[in-house]
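Asks: I am attaching a structure below and will ask some questions about it afterwards.
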Amino acid sequence: MVTGGAGFIGSTLADKLIEEGHELVIVDNLFSGKKDYIPSEAKFYHLDIVKDDLSAVFEKEKPEYVFHLAAQIDVRKAVADPNFDVSVNILGGLNVLQNVHKYNVKKIIFSSTGGAVYGEADIIPTPENYPATPLSPYGIDKLCFENYLKYYHQVFKQEYTSLRFANVYGPKQYKGGEAGVVAIFCSQLANDSALSLNGDGTQTRDFVYVDDVVEALIKAMTVDFNGEINIGSSVESEVKDIIKHIENYSQKKCIVTEKPAVKGEQQRSFLDSSLAKKVLDWEAKVSLEEGIKATYKWTLDNNK
Ligand SMILES: NC(=O)c1ccc[n+]([C@@H]2O[C@H](COP(=O)([O-])OP(=O)(O)OC[C@H]3O[C@@H](n4cnc5c(N)ncnc54)[C@H](O)[C@@H]3O)[C@@H](O)[C@H]2O)c1
């Protein structure tokens, strides 16, 4: 089962699981996901993980593994309406987790955030054992749900792995999302608009391509490890590097409108992903240059 399987990462994961021959059930309320992203081979339940009773789906489908990706992912929305973030990212998650436990699911794989749980870290690249002090309701709620996973593991022996993604990008990304800067720039350039840059572009991020993230999720399914793992690119990039790569590939000169830096935005965010190598035998393969090419091409081909 993939919750959030109509979304950017969830639908890319769904395609891969189908390609590998798995039977797949998707649960999504299409809040930000799109119905046409759902592979036709998957069974789709149009349900809200917060309000709807999921037990009938678990009872009927008896999933062996659950990838929990359904979430409210907009950090600014979480600041404006923390109650809503709590309802989806904690209470909705608990609804999934209680069913996972009740119906003896072998393992739950959770999509957490390495970009938001650590806060303004002074150890860079930041390892998993850095004391997490999230500076946003979104980060707080993701960390809180990780604690529920730990509790279910300790008390009920529920198997889980939590993957803390860096800034994921690639085709199909929702432009209002947590880390939509690549999607936003590709769309602005494809529509011949100026690129809106917050700050001077020297802030750094760890941009990891969606296919690499999907590979990590699938590896996490069968590995015997209960805990948190960073999933990043192992390269620290400046936001302005994106502009350089888009210009190179598109052969267009970007017009950039600089806006003041967003208050409270981190200047550096870069994850230490060495545990992923050890535990999952995983490391990112797609360079920022290649990933941006694929994303910009998809944006043009799909008129986004
Ligand atoms: N994109 C990133 O850079 C990034 C980074 C770190 C973590 N994550 C996590 O990865 C996961 C997937 O993110 P994404 O970028 O694909 O976002 P997305 O918005 O494209 O996908 C989220 C999906 O969840 C669905 N959803 C939302 N609320 C729901 C509800 N109440 N019931 C059922 N479905 C619901 C949406 O319709 C959507 O299909 C999320 O858990 C997110 O927090 C993403």
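Asks: Looking only at segment 82-116, count every residue that is modelled with pLDDT of 95 or more and in contact with a strand residue (DSSP E or B) (Cβ under 8 Å, 6 or more places away or on another chain) and tell me the total. Lay out the reasoning, then the answer.
Replies: First, pick out the residues of segment 82-116 that are modelled with pLDDT of 95 or more: 82-114.
Keeping just the survivors that are in contact with a strand residue (DSSP E or B) (Cβ under 8 Å, 6 or more places away or on another chain) gives 93, 96-97, 100, 105-114.
Total meeting the criteria: 14.
Asks: When segment 111-158 is examined, which residues are found to be of a type outside the set (Lys, Arg), open to solvent by 60 Å² or more (accessible area, probe 1.4 Å) and outside any helix (DSSP H, G or I)?
Replies: Of everything in segment 111-158, those that are of a type outside the set (Lys, Arg), open to solvent by 60 Å² or more (accessible area, probe 1.4 Å) and outside any helix (DSSP H, G or I) turn out to be Glu120, Asp122, Ile123, Asn129, Pro131, Thr133, Leu135.
Asks: On to the next question. Filter segment 76-101 down to residues that are open to solvent by 40 Å² or more (accessible area, probe 1.4 Å) and hydrophobic (A, V, I, L, M, F, W, C) and give me whichever is nearest to Gly5 (Cα to Cα). Step through it out loud before you land on a result.
Replies: Of the residues in segment 76-101, the ones open to solvent by 40 Å² or more (accessible area, probe 1.4 Å) are 76-77, 79-84, 86, 91, 98, 101.
Those left that are additionally hydrophobic (A, V, I, L, M, F, W, C): 79-80, 84, 86, 91.
Working: Val79: 25, Ala80: 26, Phe84: 20, Val86: 20, Leu91: 19 Å.
Only one residue fits best here, namely Leu91.
Asks: Give the residue, chosen from Ala166, Ala179, that is crowded, with 18+ Cβ neighbours inside 10 Å, in contact with a Lys or Arg (Cβ under 9 Å, 6 or more places away or on another chain) and at pLDDT 95 or above. It would help to see each step written out before you state the result.
Replies: On the way: Ala179 fails: at pLDDT 95 or above.
After ruling out the rest, the residue left standing is Ala166.
Asks: Hand me the list of helices (runs of 4 or more DSSP H) wholly inside segment 43-93 holding 2 or more residues that are within 19 Å of the chain's Cα centre (by Cα).
Replies: Details: elements: 55-61, 75-80, 82-86.
Per the criteria, 75-80, 82-86.
Asks: In segment 13-36, which residue that is more than 8 Å from the ligand (Cβ to nearest atom) and open to solvent by less than 50 Å² (accessible area, probe 1.4 Å) is nearest to the chain's Cα centre (by Cα)? Full working, then the answer.
Replies: Just the residues of segment 13-36 that are more than 8 Å from the ligand (Cβ to nearest atom), to begin with: 13-26, 35-36.
From what's left, open to solvent by less than 50 Å² (accessible area, probe 1.4 Å): 13-14, 17-18, 24-26.
Details: Leu13: 11, Ala14: 14, Leu17: 17, Ile18: 20, Leu24: 19, Val25: 19, Ile26: 16 Å.
Step by step, filter segment 13-36, then rank; the result is Leu13.
Asks: On to the next question. Any residue at all in segment 258-274 that is among the acidic types (Asp, Glu) and in a loop (DSSP other than H, G, I, E, B)? Show your work before the answer.
Replies: Of segment 258-274, the ones among the acidic types (Asp, Glu) are 258, 265, 272.
Narrowing the set further to residues that are in a loop (DSSP other than H, G, I, E, B) leaves 265, 272.
Scanning segment 258-274 turns up at least one residue that is among the acidic types (Asp, Glu) and in a loop (DSSP other than H, G, I, E, B).
Asks: Here is a further query. Can you find, within segment 38-58, the residue that is farthest from the ligand (Cβ to nearest atom) among those that are touching a strand residue (DSSP E or B) at 6+ places or on another chain (Cβ under 6 Å) and open to solvent by 20 Å² or more (accessible area, probe 1.4 Å)?
Replies: Top of the filtered list is Lys43.
Asks: Quickly run through segment 257-288 and pick out the residues that are of a type in the set (Asp, Glu) and buried (at least 21 other Cβ atoms within 10 Å of the Cβ).
Replies: none
Asks: From the list Asp122, Asp141, pick out the single residue that is over 21 Å from Met221 (Cα atoms), within 14 Å of the ligand (Cβ to nearest atom) and among the acidic types (Asp, Glu).
Replies: Working: Asp122 fails: within 14 Å of the ligand (Cβ to nearest atom).
When all the criteria are applied, what remains is Asp141.
Asks: Out of all the residues in segment 205-228, is one or more open to solvent by less than 50 Å² (accessible area, probe 1.4 Å), at pLDDT 90 or above and on the phi > 0 side of the Ramachandran plot?
Replies: Checked against the condition, which is being open to solvent by less than 50 Å² (accessible area, probe 1.4 Å), at pLDDT 90 or above and on the phi > 0 side of the Ramachandran plot, segment 205-228 yields at least one hit.
The values are calculated or read from the model by the stated rules, or taken from the named source; none is laboratory data. Just so we're clear, the structure is a prediction, and the values are computed from it rather than from any experiment. As a convention, Cβ positions derive from the backbone with ideal geometry for all residues, glycine included, and neighbour counts pool all protein chains shown. Quick note on the areas: whole protein, heavy atoms, side chains included, nothing else; ligands and nucleic acids left out. Shrake-Rupley method; radii C 1.70, N 1.55, O 1.52, S 1.80 Å.
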